[in-house]
1. From the list 242, 233, pick out the single residue that is in contact (Cβ under 8 Å) with a residue 60 or more places away in the chain, surrounded by fewer than 23 Cβ atoms within 10 Å (Cβ to Cβ) and of a type in the set (A, V, I, L, M, F, W, C).
2. With the checklist (1) in contact with a helix residue (DSSP H, G or I) (Cβ under 7 Å, 6 or more places away or on another chain); (2) surrounded by fewer than 21 Cβ atoms within 10 Å (Cβ to Cβ); (3) under 21 Å from residue 105 (Cα atoms) in hand, flag the one item residue 140 doesn't pass.
3. Return the residues of segment 191-230 that are of a type in the set (Gly, Ala, Ser), more than 14 Å from the ligand (Cβ to nearest atom) and free of Cβ contacts under 8 Å to residues at least 60 places away in the same chain; say none if nothing qualifies.
4. Given the conditions (1) surrounded by 21 or more Cβ atoms within 10 Å (Cβ to Cβ); (2) under 26 Å from residue 238 (Cβ atoms); (3) not hydrophobic (A, V, I, L, M, F, W, C), which single one is not true for residue 37?
5. From the set of residues in segment 50-80 that are touching a Lys or Arg at 6+ places or on another chain (Cβ under 9 Å) and without any contact (Cβ under 8 Å) to a residue 24 or more places away in the chain, which is nearest to residue 169 (Cα to Cα)?
6. All but one of (1) closer than 24 Å to residue 118 by Cβ; (2) within 16 Å of the ligand (Cβ to nearest atom); (3) in a helix (DSSP H, G or I) hold for residue 23; which doesn't?
7. Test residue 46 against the stated conditions and say whether it is out of contact with any strand residue (DSSP E or B) (no Cβ under 7 Å at 6 or more places or on another chain), buried (at least 16 other Cβ atoms within 10 Å of the Cβ) and among the acidic types (Asp, Glu).
8. Kindly indicate the residue of segment 115-137 that is among the hydrophobic types (A, V, I, L, M, F, W, C) and surrounded by 14 or more Cβ atoms within 10 Å (Cβ to Cβ) and also farthest from residue 198 (Cα to Cα) among those meeting that condition.
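Throughout, read-outs are computed from the coordinates displayed, never taken from laboratory work. Everything numeric in this text was worked out from a predicted model, so none of it was measured. Every residue, glycine as well, gets a Cβ built from its backbone with ideal geometry; the counts of neighbours run over all protein chains shown.
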Amino acid sequence: MEIVICRDAVEAGKLGAATIAELVRNKPDAVLGLATGSSPLAIYDELARLYDAGEVSFAKAKGFSLDEYVGLAADHPETYHNVIRRDFVHRVDFEDGNVRGPDGLAEDIPAFCAEYEAAMAAAGGVDLQILGIGTDGHIGFNEPGSSLASRTRIKTLTKQTRIDNARFFDGDLDRVPTHCITQGLGTIMSARHVVLVASGVGKAEAVHHVAEGAVSAMWPGTILQHHPHVTVLLDEGAASRLQ
Ligand code: F6R
């Protein structure tokens, strides 16, 4: 696991974006695993800047989102389908149809999840997975207690995660969905390169466990210790509990 402590989240975003841009230049049809939320925003901002400068193109690339809330209407601004388009996909030249995510309105969720896994495999697998991390150590929405070998499935969000994400729902906890579909820890581990980005002291305990804790389902991000190619980009706050 390579850990890089950056001056701030902007510098971390630039490093993450440079890694992704290099991948896509060398392999234009690369498959990216996409995270939503605040953590990757600096990466997406920098990739949009590089695209505007003519320095990178995603015209042939594919994307698979990590997760999605269950039950939000398709036109709800906080579905991860809509968020990833707003934050990244529509700011560059991705073909809209080349970016897929879990269907939070699927009638048969287990069948959808199997199909999603098959689609990732058919695309050749994920070349680079972008990850944030929850304050409780989740990656994707694999909450504490998740099977370390899990694949895409429905999960219940913890109260802590719903509190953390209430900021996207006008601070109203009751409006935050209770369930999600998420790639599993086994799915994430299948990516060839994982780039985890975290900023702020609120993430410091989770980052400490990922880098220095015992591998445990209670801190799901610790499974990354078994991955051969992980890059962790931190600001000083997120790195503040590292030994
Ligand atoms: C988002 C995701 C989550 C977030 C995590 C951190 O697709 O899978 O694991 O990365 O909840 O969220 P932020 O970045 O908003 O602090």
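1. Details: 233 fails: surrounded by fewer than 23 Cβ atoms within 10 Å (Cβ to Cβ).
Unique residue meeting the criteria: 242.
2. Every listed condition holds for residue 140 apart from (2).
3. Once the filter is applied, which keeps residues that are of a type in the set (Gly, Ala, Ser), more than 14 Å from the ligand (Cβ to nearest atom) and free of Cβ contacts under 8 Å to residues at least 60 places away in the same chain, segment 191-230 yields 213, 214, 216.
4. (1)
5. 77
6. Failing condition for residue 23: (2).
7. So residue 46 passes the test.
8. Taking segment 115-137 and keeping what is among the hydrophobic types (A, V, I, L, M, F, W, C), we get 118-123, 126, 128, 130-131, 133.
Filter again for surrounded by 14 or more Cβ atoms within 10 Å (Cβ to Cβ), leaving 120, 123, 126, 128, 130-131, 133.
Details: 120: 25, 123: 28, 126: 21, 128: 17, 130: 11, 131: 9, 133: 7 Å.
Going through the qualifying residues, I end up with 123.
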